[in-house]
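Notes follow once the structure below has been shown.
The values are calculated or read from the model by the stated rules, or taken from the named source; none is laboratory data. Computed from a predicted structure; not experimentally measured. Please note: Cβ atoms are built from the backbone with ideal geometry, for glycine as well, and neighbour counts cover all protein chains shown.
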Amino acid sequence: MNEIEALWQRHSVRSYKPLPIEAETLQALRSCIAQCNAESGLHLQLLEDAGGTFHRLMSRAMGLASAPSVIACAGPDGPELEERIGYWGERVVLCAQMLGLNTCWAGTFSAKQTPAVLREGERLVIVIAVGYGTAQGKPRRSRAPEEVSAGPAEQPAWFTAGVRYALQAPTAINQQKFFFRLQEDGTVEVSDRGGPFSAVDIGIVKYHFDLARREAGLPTLWG
């Protein structure tokens, strides 16, 4: 399975089997996270024991209390941190899918009980539940491409593919509050229309869009 296949097959999963991640899979996931950290300067961390991360009432109501492990998404605080977390975190999410794992981006969690290590000046933004799901999740309702994009009448295939891939991206409460605009000179503008964790969402959809660029043999726009 490659990243494009993982993009289409991956769905959010909130219910997990009480099984630890297998050693070989764990090593491959750690390697992916280490590479992302090296390229991005972030401090993403795989915590084999999720501890009390999902012990808050709302998290338990959502079913996330069953997640055995968690990826803590942290990095040096700054105005672009949340978007960068979304971009590189989604790369890890797709890597996990390719390794046979399931995931769920989770904005509802206990930061105090998440056993992450934060260096001076770092902030924990969001976490990703990870493990073996009891099911593979289901597709969500999605907006139409014309609702989240605009551009010249003749649009290149990489742009239309990028919008389709962006619509497959997980966003907080499935809000899909982003907008891609293709300019006459070929540049792409992405607007954030607000909402919970919308900056993280923008990073996630940008990663999906960049996959279409790579698929077309073009340089990525944001990675």
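Quick notes on this structure:
- Only one of the listed residues (A96, A157, A153, A72) is closer than 30 Å to E184 by Cβ and at pLDDT 95 or above. That residue is A157.
- Qualifying residue in the range 58-65 (condition: more than 17 Å from the chain's Cα centre (by Cα), farther than 17 Å from G131 by Cβ and surrounded by fewer than 17 Cβ atoms within 10 Å (Cβ to Cβ)): yes
- Filter result (at pLDDT below 95 and surrounded by 17 or more Cβ atoms within 10 Å (Cβ to Cβ)) within the range 14-46: R14, S15, Y16
- Residue list for the range 192-209, filter: more than 13 Å from the chain's Cα centre (by Cα) and over 19 Å from T103 (Cβ atoms): D192, R193, G194, G195
- Qualifying residue in the range 136-144 (condition: on the phi > 0 side of the Ramachandran plot and outside the structural domain of E22 (by TED's automatic domain parsing)): yes
- Conditions (1) surrounded by fewer than 16 Cβ atoms within 10 Å (Cβ to Cβ); (2) assigned by TED's automatic domain parsing to the domain that holds I202: number failed by G52: (2)
- Test: residue in the range 177-194 that is surrounded by 14 or more Cβ atoms within 10 Å (Cβ to Cβ) and in contact (Cβ under 8 Å) with a residue 60 or more places away in the chain: no
- Given (1) at pLDDT 95 or above; (2) buried (at least 19 other Cβ atoms within 10 Å of the Cβ), number of the condition G121 does not satisfy: (2)
- Boolean, T103 is over 27 Å from I4 (Cα atoms), surrounded by 15 or more Cβ atoms within 10 Å (Cβ to Cβ) and either touching a residue at least 12 places away in the same chain (Cβ under 8 Å) or assigned by TED's automatic domain parsing to the domain that holds I204 (or both): no
- Total residues in the range 11-34, condition in contact with a Pro (Cβ under 8 Å, 6 or more places away or on another chain) and under 24 Å from G162 (Cα atoms): 2
- Residue, farthest from L124 (Cα to Cα), within the range 152-211, restricted to residues that are touching a His at 6+ places or on another chain (Cβ under 6 Å) and in a helix (DSSP H, G or I): Y165
- Pairing residues of the range 29-57 that are within 11 Å of R84 (Cα to Cα) with residues that are of a type in the set (S, T, Y), at Cβ distances under 9 Å and at least 6 apart in sequence or on separate chains, gives S40/Y87.
- If you filter the range 188-223 down to residues that are in contact with a strand residue (DSSP E or B) (Cβ under 9 Å, 6 or more places away or on another chain) and among the polar types (S, T, N, Q), you find that the one that is nearest to G78 (Cα to Cα) is S198.
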